[in-house]
Amino acid sequence: MTVRKQPVRRCTGCGEHFPKKELIRVLRTPDGEIVLDLTGKKSGRGAYICKSVACLKKARKAKRLESSLECAIPDEVYEKLEKELAP
């Protein structure tokens, strides 16, 4: 039996590497819409952030999600992310 390799992605907030399933994907669709992709399977350009409010604040302050997705991020997306990360 072979062991499958787990995909690893980097958090845009803290820069740490985590398994893909432990991160939340923010996605820019081919239409230019910004959405949260909780399944990780939608098509488009994605940026990952770990499930920490501190990392989200770092990424927002430094505009790291905007640079990763190469477009402006509306405030509604940040609000959805904060609700998703709330305990």
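The values are calculated or read from the model by the stated rules, or taken from the named source; none is laboratory data. Predicted model only: the values in this text are computed from it and were never measured. A quick note on method: Cβ atoms are made from the backbone with ideal geometry, for glycine too, and the neighbour counts reach across all protein chains shown.
Quick one: how many residues across the range 7-36 are free of Cβ contacts under 8 Å to residues at least 40 places away in the same chain, in a loop (DSSP other than H, G, I, E, B) and closer than 14 Å to Tyr48 by Cβ?
Summing the residues that are free of Cβ contacts under 8 Å to residues at least 40 places away in the same chain, in a loop (DSSP other than H, G, I, E, B) and closer than 14 Å to Tyr48 by Cβ in the range 7-36 gives 3.
Restricting to the range 44-67, give me the number of residues that are over 15 Å from Ile34 (Cα atoms), not in a loop (DSSP other than H, G, I, E, B) and not aliphatic (A, V, I, L, M).
5
Where residues in the range 1-51 are closer than 23 Å to Glu79 by Cα and polar (S, T, N, Q), which of them is surrounded by the fewest Cβ atoms within 10 Å (Cβ to Cβ)?
Thr39
Count, please, the residues in the range 10-26 that happen to be modelled with pLDDT of 95 or more and of a type in the set (Lys, Arg).
So the answer is 1.
Scan the range 37-51 and report the pairs whose first residue is more than 15 Å from Thr12 (Cα to Cα) and whose second residue is surrounded by 17 or more Cβ atoms within 10 Å (Cβ to Cβ), with Cβ atoms within less than 6 Å and a gap of 6+ or a chain change.
Note: pairs meeting the criteria are Asp37/Arg25; Asp37/Leu27; Gly40/Arg25; Lys42/Leu27; Gly44/Leu27; Gly44/Arg28.
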